[in-house]
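**Q** Structure incoming, see below.
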Amino acid sequence: MAEDVIRAFISEELTSDPLQEALTDDYPLLDRQVLDSLGLFQLVAFLESEYGIEIDDEELVPANFGSIKDVSHLVKTKRSEAELDGP
């Protein structure tokens with residue numbers, strides 16, 4: 001599942017404390033300062049590489065990155081759009 005991949009990346013690459021157990025799908029990433037501006041761009045680069053999607057600047061809003069569930073929803077939406085657009 002995308003949530004597990006996202007959670008692992010955040011826990012392993014973006015935090016200094018092991019938060020894996022605390023990072024539920026609804027954990028407030030921005031409110032709890034798990035994601036800062038640099039971390040957000042690292043996450044976006046990872047998502048684009050991992051899932052073959054492109055995240056536009058106007059999509060860099062709290063509604064898309066507030067929680068793992070929000071990030072996963074964005075990824076699923078972008079992947080669906082890419083499938084509809086075709087090669």
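**Q** Checking the structure you have, find out if any residue of segment 67-75 is at pLDDT below 95 and either of a type in the set (S, T, N, Q) or buried (at least 17 other Cβ atoms within 10 Å of the Cβ) (or both).
**A** Start the filter on segment 67-75 by keeping residues that are at pLDDT below 95, which leaves none.
The answer is no; no qualifying residue exists.
**Q** Okay, next question. Ser49: in a helix (DSSP H, G or I) and either in contact with a Gly (Cβ under 7 Å, 6 or more places away or on another chain) or among the hydroxyl-bearing types (Ser, Thr, Tyr) (or both), yes or no?
**A** In short, yes.
**Q** Could you please let me know if Ser72 is among the small types (Gly, Ala, Ser) and touching an Asp or Glu at 6+ places or on another chain (Cβ under 9 Å)?
**A** Details: among the small types (Gly, Ala, Ser): yes; touching an Asp or Glu at 6+ places or on another chain (Cβ under 9 Å): yes.
Against the criterion (among the small types (Gly, Ala, Ser) and touching an Asp or Glu at 6+ places or on another chain (Cβ under 9 Å)), Ser72 qualifies.
**Q** Taking the conditions exactly as written (modelled with pLDDT of 95 or more, among the charged types (D, E, K, R) and not in a loop (DSSP other than H, G, I, E, B)), does Glu54 satisfy them or not?
**A** Answer is no for this residue.
**Q** Under 6 Å between Cβ atoms, at least 6 apart or on separate chains: pull out the pairs that start in segment 13-32 with a residue that is under 18 Å from Val44 (Cβ atoms) and end on any residue that is modelled with pLDDT of 90 or more and hydrophobic (A, V, I, L, M, F, W, C).
**A** Leu29/Leu35
**Q** If you check Ser72, Ser80, which single one turns out to be over 11 Å from the mean Cα position of the chain (by Cα) and on the phi < 0 side of the Ramachandran plot?
**A** Ser80
The values are calculated or read from the model by the stated rules, or taken from the named source; none is laboratory data. Computed from a predicted structure; not experimentally measured. Don't worry about glycine lacking a Cβ; one is built from the backbone with ideal geometry, like all the others, and counts go over all protein chains shown.
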